[in-house]
Amino acid sequence: MQTPSFYSIKTQIVAAFFLMVLPLASLIYFSSLTNRLFNDVLDELIETEGVSYLLSEVEKDIVDLQRNILIFKETSSPGAIEKVNFYYIQIVNRLVRLKSYPSVIQYLESINVMAQHLDDYKQNFDVVTGMRIQRSELITRHLQAKPVAEIPMINATDIELMAIENSVLLAHGASLSYLASFDHNHITEFDRRVEEARILLAGITGSDSERVAVNQNLQVYQKNFSRIVALTRHYVYLINVVMTGSANEFLYHGKTLEDIFSQRADNTRLTAKERMSSNNVWSSILSMAGILLAIIVFVLFYLRITRPVEAITSVFIQLAEGKDVGSIPAVNRRDEIGLLSSAANVFKSKNEQTIKLLVESKKMVRDQKVLNEELEIEKRRAERALSIKTEFLANMSHELRTPLNSIIGFTVRLGKQLDTKNERQLKAVDAIERNGRHLLAMINDILDLSKIEANKLELKITNVDLSALCMDCTSQINPAAEEKGIELVFNPASIPEVQSDPVRIRQILFNLLSNAVKYTNEGFVKVEIESGYGDMSVAIRVSDTGLGIKPEDQKKLFKRFEQFDDNTRFAVGQGSGLGLAIVANVSRLLGANVSVSSEFGKGSTFTLRIPVNFRAAKSTSNPLA
């Protein structure tokens, strides 16, 4: 009876599976959600930390930049200029890297402002550098100036000249003091001493042209110092006020961005912590629900499936042991367990029949044992008869070969002594010799077959040069080929020696060549030799352009006493039908393989594949079967 799908165990298992998978799937979802959140937060924190790190490095570079500006202000050192340029390029590169972060896109305006202040800073530094160069030139000129030297004052006394020169020297000293300390009182002292020199100059009577020349020198000298003072004040103002202001603005915007990203990182950590805590709570709830549901499913499965199955299993065990069983549990259930109980009930009813069948089977086994013993006796009797037959054939073949050899020998001698003019006698002697040799060949074949059948064919395994062996066989068969007017072709090849029995290989090859010449009326017979299968075997092919073999004849070609049809036999002569059977069985004993491919009316190709290393064939009870 077909179990309703609603009550089947499969339906119950599927329902329980979905109930257990539901919290597991939810748990997996929250876990993946937590992992994704963790990865997103980690990426955002890494990016934020990268931005903060770059901003802190930029602040350090600005401080180093200002320090080197102050060093340049005091010393005009070329090394300070190189460091200023280095830090400027480094800050520019860091700002470019800052712009590459996606989270900085909304703060590009602040970064652009920082870049603008940095450009202004660099431009002002270039101006300061130019001023320092110009100031150095003016200082050099100022130090070399001699405003009252070598100007003759004819009407001036030495005391007046010394007073003027003393005022100029005091003014020069005040200028040097200013250059050393940048104290503005020295500028006032310089101007007072120059004015004092002019007053002393005006009190001297003499040539106006000489006084005008000295006055012009003093004016140029004072103007040059005033330019030095102006340049000094200007570049000091640029450094102390303008460039410091640009640097402070840069640092302000950098610090602002750093505070923003620091706060952003804190907010990200806080949000991630809250969301991950929530996910962990849900994961814990789902884990507990899954565990509880698994316990409930386990209890239900134990009560509804495991215990009934154990009870029915116990019933089957008792039935298998041949014990009597009372009532079978769960027969009224509408699921697979109910069907199993019904099967147990059927098994119970069939158990008695099985016992009866077992008794009958034991009786049949006893009868079969008696039959097997009788069969074994008949088998030994048949083997003994086969042995007697084999010995008889071997003995008879041996007894027949001795007189046949004598008949053939005396026939040959008689043929040589007959009168060559008596053609009838010669044909008769030739017929006797030919039929005698044919009969001897048949007896040899029968003897070989009897040895093979009795597993007594001896093999002498040695290294064989197949190329030389093929050459020898073709030389022996060549007269028969020339007599029929066909060409016998052999293509020698350089191949390794094989381990086999040269006598038996010669017997196989001679049979194949004899058949090829026998069934070929025109054309050629070709012998080819080659190695193959990774140098594990050597193949000898005997091809001819003879009559060919029909497909149905190829199937029985290597069986005993099988020949072509009557028309073919009468066309080429009769034989015993044992040659190819011997070829097949001797090949098997040598571990070789012989095969044929032929097209009727166009010729045949026999292939003998010989292993390089001899592998003896397994003996069978009927080797010619």
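The values are calculated or read from the model by the stated rules, or taken from the named source; none is laboratory data. These numbers come from a predicted model, not from an experiment. Here the Cβ positions follow ideal geometry from the backbone for every residue, glycine too, while neighbour counts run over all protein chains shown.
Which residue out of 196, 189, 249 is under 21 Å from residue 65 (Cβ atoms), charged (D, E, K, R) and out of contact with any Asp or Glu (no Cβ under 7 Å at 6 or more places or on another chain)? Let's see the steps before the verdict.
Details: 196 fails: under 21 Å from residue 65 (Cβ atoms); 189 fails: under 21 Å from residue 65 (Cβ atoms).
One residue alone meets the criteria, 249.
Considering only the range 270-280, I want to know if a residue exists there that is in contact with a Pro (Cβ under 8 Å, 6 or more places away or on another chain), buried (at least 16 other Cβ atoms within 10 Å of the Cβ), in the same structural domain as residue 102 (by TED's automatic domain parsing) and farther than 30 Å from residue 64 by Cα. Walk me through how you get there before you give the answer.
First pass over the range 270-280, keeping only residues in contact with a Pro (Cβ under 8 Å, 6 or more places away or on another chain): none.
Looking through the range 270-280, none of the residues is in contact with a Pro (Cβ under 8 Å, 6 or more places away or on another chain), buried (at least 16 other Cβ atoms within 10 Å of the Cβ), in the same structural domain as residue 102 (by TED's automatic domain parsing) and farther than 30 Å from residue 64 by Cα.
Determine whether residue 221 is loosely packed, with under 15 Cβ neighbours inside 10 Å and part of a helix (DSSP H, G or I). Please lay out each step first, then the result.
Details: loosely packed, with under 15 Cβ neighbours inside 10 Å: no; part of a helix (DSSP H, G or I): yes.
When the stated conditions are applied, residue 221 does not pass them.
Can you tell me which condition residue 319 does not meet? The list is (1) of a type in the set (A, V, I, L, M, F, W, C); (2) out of contact with any Ser or Thr (no Cβ under 9 Å at 6 or more places or on another chain); (3) closer than 21 Å to residue 10 by Cβ, and all the others hold.
It is condition (3) that residue 319 fails.
List the number of the failed condition for residue 301; all other conditions in (1) among the aromatic types (Phe, Trp, Tyr); (2) outside the structural domain of residue 28 (by TED's automatic domain parsing); (3) closer than 30 Å to residue 27 by Cβ hold.
(2)
Give, as residue ranges, the helices (runs of 4 or more DSSP H) completely inside the range 459-557 that count at least 2 residues that are in contact with a strand residue (DSSP E or B) (Cβ under 8 Å, 6 or more places away or on another chain).
Values: elements: 466-484, 502-518, 551-554.
Correct list: 466-484, 502-518.
Return the residue satisfying two criteria in turn: it lies in the range 47-78 and is without any contact (Cβ under 8 Å) to a residue 24 or more places away in the chain and farther than 22 Å from residue 237 by Cα, and of such residues it is farthest from the chain's Cα centre (by Cα).
The selected residue is 60.
Inspect all residues belonging to the range 252-264 and state whether any of them is within 21 Å of residue 59 (Cα to Cα), surrounded by 15 or more Cβ atoms within 10 Å (Cβ to Cβ) and either aromatic (Phe, Trp, Tyr) or more than 52 Å from the chain's Cα centre (by Cα) (or both).
Within the range 252-264 (the criterion being within 21 Å of residue 59 (Cα to Cα), surrounded by 15 or more Cβ atoms within 10 Å (Cβ to Cβ) and either aromatic (Phe, Trp, Tyr) or more than 52 Å from the chain's Cα centre (by Cα) (or both)), the answer is yes, since at least one residue qualifies.
Filter the range 224-251 down to the residues that are touching a Phe, Trp or Tyr at 6+ places or on another chain (Cβ under 8 Å) and surrounded by fewer than 18 Cβ atoms within 10 Å (Cβ to Cβ) and list them by number. Break it down stepwise before answering.
So in the range 224-251, the residues touching a Phe, Trp or Tyr at 6+ places or on another chain (Cβ under 8 Å) come out as 225, 229, 232, 236, 243, 246-247, 250.
Once the filter is applied, which keeps residues that are touching a Phe, Trp or Tyr at 6+ places or on another chain (Cβ under 8 Å) and surrounded by fewer than 18 Cβ atoms within 10 Å (Cβ to Cβ), the range 224-251 yields only 236.
Listed residues 259, 324; which is acidic (Asp, Glu) and either modelled with pLDDT under 80 or not in a helix (DSSP H, G or I) (or both)?
Values: 259 fails: either modelled with pLDDT under 80 or not in a helix (DSSP H, G or I) (or both).
None of the others qualify; the one that does is 324.
A quick yes/no check of all residues on (1) in a helix (DSSP H, G or I); (2) more than 29 Å from residue 27 (Cα to Cα); (3) of a type in the set (Ser, Thr, Tyr):
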{"site": "244", "(1), (2), (3)": "yes, yes, yes"}
{"site": "264", "(1), (2), (3)": "yes, yes, no"}
{"site": "273", "(1), (2), (3)": "yes, no, no"}
{"site": "297", "(1), (2), (3)": "yes, no, no"}
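Could you name every one of the helices (runs of 4 or more DSSP H) located completely within the range 75-194 that has at least 1 residues being modelled with pLDDT of 80 or more, within 24 Å of residue 52 (Cβ to Cβ) and in contact with a Lys or Arg (Cβ under 7 Å, 6 or more places away or on another chain)? Spell out the reasoning first.
On the way: elements: 78-99, 108-144, 158-181.
Those helices (runs of 4 or more DSSP H) span 78-99, 108-144.
How about the range 34-55: which of its residues are aliphatic (A, V, I, L, M), modelled with pLDDT of 75 or more and either touching a Lys or Arg at 6+ places or on another chain (Cβ under 7 Å) or surrounded by fewer than 17 Cβ atoms within 10 Å (Cβ to Cβ) (or both)? Let's see the steps before the verdict.
From the range 34-55, those aliphatic (A, V, I, L, M) are 37, 41-42, 45-46, 51, 54-55; that's our starting set.
From what is left, the residues that are modelled with pLDDT of 75 or more are 41-42, 45-46, 51, 54-55.
Across the range 34-55, the qualifying residues are 42, 45, 46, 54.
Which condition number in (1) within 60 Å of the chain's Cα centre (by Cα); (2) exposed (fewer than 13 other Cβ atoms within 10 Å of the Cβ) is the one that residue 336 fails?
Result: residue 336 fails condition (2) only.
Kindly indicate whether any position in the range 566-584 is at pLDDT 80 or above, within 58 Å of the chain's Cα centre (by Cα) and not hydroxyl-bearing (Ser, Thr, Tyr).
Pass one, the range 566-584, residues at pLDDT 80 or above: 583-584.
Imposing the further condition that a residue be within 58 Å of the chain's Cα centre (by Cα) reduces the set to 583-584.
Checking the rest, the ones that are also not hydroxyl-bearing (Ser, Thr, Tyr) come to 583-584.
For the range 566-584, residues at pLDDT 80 or above, within 58 Å of the chain's Cα centre (by Cα) and not hydroxyl-bearing (Ser, Thr, Tyr): present.
What residue, among those in the range 167-189 that are of a type in the set (Ser, Thr, Tyr) and over 18 Å from residue 234 (Cα atoms), is surrounded by the most Cβ atoms within 10 Å (Cβ to Cβ)?
Within the range 167-189, the first condition is being of a type in the set (Ser, Thr, Tyr), and the residues that meet it are 167, 175, 177-178, 181, 188.
When the remaining residues are screened for being over 18 Å from residue 234 (Cα atoms), the result is 167, 177, 188.
Working: 167: 22, 177: 16, 188: 12.
Selected residue: 167.
Could you please tell me which pairs satisfy a Cβ distance under 8 Å, a separation of 6+ or placement on different chains, a first residue in the range 9-27 that is under 17 Å from residue 301 (Cβ atoms), and a second residue that is hydroxyl-bearing (Ser, Thr, Tyr)?
Hits for this filter: 11/5.
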